[in-house]
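To start, the structure itself, in structure tokens.
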Amino acid sequence: MSGREPSAGWPLWEVFVRARRGLSHNHVGSLHAPDAEMALRNARDVYTRRQEGVSIWVVPADAITASSPDEKDPFFDPAGDKVYRHPTFYDVPGGVQM
Amino acid sequence: MTADLVAYAQRLGDDALVLAQRLGEWSSRAPELEEDVALTNIGLDLLGQARALLSYAGEVEGAGRDEDDLAYLREEREFTNCLLVEQPNDDFGATIARQLYFSTYQLELYQALRGSADQTLAAVAAKAAKEVAYHRDHATMWTLRLGDGTEESHARMRDGLERLWPYAGELFEADEVVQRLAAAGTAADPASLRDGWDRHLDATLAEATLARPDGRWLPGTGRRGVHSEHMGYLLAELQYLHRLHPGARW
């Protein structure tokens with residue numbers, strides 16, 4: 001091999017793994033792959049080789065619309081002082097598990 | 001019969017060990033980080049198979065040799081792997097060609113060995129068949145993408161297939177050891193693996209727009225311990241640490 005060529009524009013994929021039945025898929029990381037089928041196989045090798053999962057989703061990273069850090073205040077700040085949205089004003093009967 | 005079983009388990013183990021060593025050479029050198037992990041992962045599967053098979057060979061032999069003795073302390077002429085697995089990695093196309101030929105064969109082999117009269121071989125094969133099904137899938141996926149990719153990737157995949165083609169024939173040879181064991185239901189008859197191998201190879205190459213190489217198969221010499229010039233270098237890298245520091249652990 002004459003040295004490593006730079007990645008020829010393989011798209012980025014976000015990987016979600018379900019640890020076991022009954023749990024939801026959680027985001028575990030990302031990887032590069034030429035297409036969805038290869039992304040699934042790469043995800044199997046990179047993220048589940050120590051028995052971390054029973055199911056994998058891969059999603060093209062550019063298909064995800066994310067909130068921007070600049071919008072942090074309008075997005076999340078208003079929720080900060082609205083304690084009445086938390087169910088903290090109820091008396092919890094004994095024996096009920098939170 | 002015991003000597004035959006030792007020889008057979010050792011062959012299968014040597015095939016797995018030597019190919020594991022070759023795939024390990026891709027560590028940090030694959031075209032992409034993800035492929036680095038995939039190839040070395042496949043190598044680790046093969047190493048696990050080698051450990052089980054060589055341990056078993058040593059146990060049946062009854063001379064007190066364990067897997068490490070067999071892997072690290074034999075000389076080149078005592079290794080009985082086929083010539084295909086010791087061939088250099090070359091470029092990624094050639095590596096995938098070698099993987100396609102070998103994993104397609106190995107899957108047929110392990111599937112057949114699940115029904116072996118020898119309980120241990122049957123158990124090792126049952127576990128390994130699942131691993132190798134993934135190895136074949138990996139090689140198939142890449143053959144399709146390289147063959148049906150760019151002009152450059154097609155040419156490299158074609159060159160790899162043609163360069164390694166002469167070594168594929170050895171996979172289907174049966175010497176007296178294999179013939180006796182196959183007659184006893186212990187070994188898989190290599191000729192019976194040909195159909196499945198041909199079918200998968202032809203279907204994959206056709207879809208990948210690649211021609212099946214039509215060159216001749218070389219008679220195999222690996223099962224007699226006669227290897228290509230690459231083998232000594234491979235063993236030097238595999239064995240030197242253990243020979244320098246006998247019993248080294250980490």
ask   = From the residues in the range B:10-36 that are over 13 Å from the mean Cα position of the chain (by Cα) and of a type outside the set (D, E, K, R), which one is nearest to residue A:44 (Cα to Cα)?
value = B:33
key: All positions within the range A:35-50 that are within 7 Å of another protein chain (Cβ to nearest Cβ) and charged (D, E, K, R)   = A:37, A:41, A:45, A:49
request  = Would you please name the residue that is modelled with the highest pLDDT, looking only at residues in the range A:38-62 that are exposed (fewer than 14 other Cβ atoms within 10 Å of the Cβ) and of a type in the set (S, T, N, Q)?
outcome  = A:55
note = Only one of A:9, A:22 is more than 13 Å from chain B (Cβ to nearest Cβ) and in a loop (DSSP other than H, G, I, E, B), namely A:22
query = If you check every pair at least six apart or on different chains, which have Cβ atoms under 6 Å apart with a residue in the range B:117-133 that is under 20 Å from residue B:2 (Cβ atoms) first and a residue that is among the aromatic types (Phe, Trp, Tyr) and buried (at least 18 other Cβ atoms within 10 Å of the Cβ) second?
reply = B:120/B:56; B:125/B:110
Of all residues in the range B:203-249 being under 17 Å from residue B:96 (Cβ atoms) and charged (D, E, K, R), the one that is nearest to the chain's Cα centre (by Cα) = B:212
inquiry  = With without any contact (Cβ under 8 Å) to a residue 24 or more places away in the chain, surrounded by fewer than 13 Cβ atoms within 10 Å (Cβ to Cβ) and either of a type outside the set (Val, Ile, Thr) or closer than 16 Å to residue B:84 by Cβ (or both) as the only criterion, which of B:191, B:211, B:182 stands out?
reply    = B:191
message = Suppose we keep only residues that are crowded, with 17+ Cβ neighbours inside 10 Å and among the aliphatic types (A, V, I, L, M) within the range B:134-159. Which one would you say is farthest from the other protein chains (Cβ to nearest Cβ)?
response = B:157
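Here's the yes/no breakdown for (1) farther than 23 Å from residue B:141 by Cβ; (2) within 14 Å of another protein chain (Cβ to nearest Cβ); (3) in contact with a strand residue (DSSP E or B) (Cβ under 6 Å, 6 or more places away or on another chain):
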position	(1), (2), (3)
A:15	no, yes, yes
A:33	no, yes, yes
A:63	no, no, no
A:74	yes, no, no
A:78	yes, no, no
A:81	yes, no, no
A:91	yes, no, no
A:97	yes, no, no
query = Say we look at the range B:20-38 and pick out the residues that are within 9 Å of chain A (Cβ to nearest Cβ) and of a type in the set (A, V, I, L, M); which of these is surrounded by the most Cβ atoms within 10 Å (Cβ to Cβ)?
reply = B:38
query = Can you spot a residue in the range B:44-51 that is hydrophobic (A, V, I, L, M, F, W, C), facing chain A (nearest Cβ under 10 Å) and either on the phi > 0 side of the Ramachandran plot or surrounded by fewer than 19 Cβ atoms within 10 Å (Cβ to Cβ) (or both)?
reply = yes
inquiry  = I'd like to check which helices (runs of 4 or more DSSP H) are fully inside the range B:5-116 and have at least 1 residues that are of a type in the set (Lys, Arg).
reply    = B:33-61, B:92-113
Filter result for the condition that a residue is away from chain A (no Cβ under 13 Å) and either touching a helix residue (DSSP H, G or I) at 6+ places or on another chain (Cβ under 8 Å) or more than 19 Å from residue B:47 (Cα to Cα) (or both), over B:131, B:162 = B:162
request  = Answer yes or no: is there a residue in the range B:72-80 that is within 14 Å of another protein chain (Cβ to nearest Cβ), surrounded by fewer than 16 Cβ atoms within 10 Å (Cβ to Cβ) and over 21 Å from residue B:193 (Cα atoms).
outcome  = no
query = For residue B:15, which of the numbered conditions (1) within 14 Å of chain A (Cβ to nearest Cβ); (2) acidic (Asp, Glu); (3) under 22 Å from residue B:131 (Cα atoms) fails to hold?
reply = (1)
message = Residue pairs, Cβ under 8 Å, 6 or more apart or interchain, first in the range A:63-82 and surrounded by 10 or more Cβ atoms within 10 Å (Cβ to Cβ), second of a type outside the set (Lys, Arg) and assigned to a loop (DSSP other than H, G, I, E, B). List them.
response = A:75/A:67
key: Output for the range B:214-250, where each listed residue is among the aromatic types (Phe, Trp, Tyr) and touching a residue at least 24 places away in the same chain (Cβ under 8 Å)   = B:217
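The values are calculated or read from the model by the stated rules, or taken from the named source; none is laboratory data. Not measured: the values here are computed from a predicted model. All Cβ positions, even for glycine, are placed from backbone atoms using ideal geometry, and neighbour counts span all protein chains on display.
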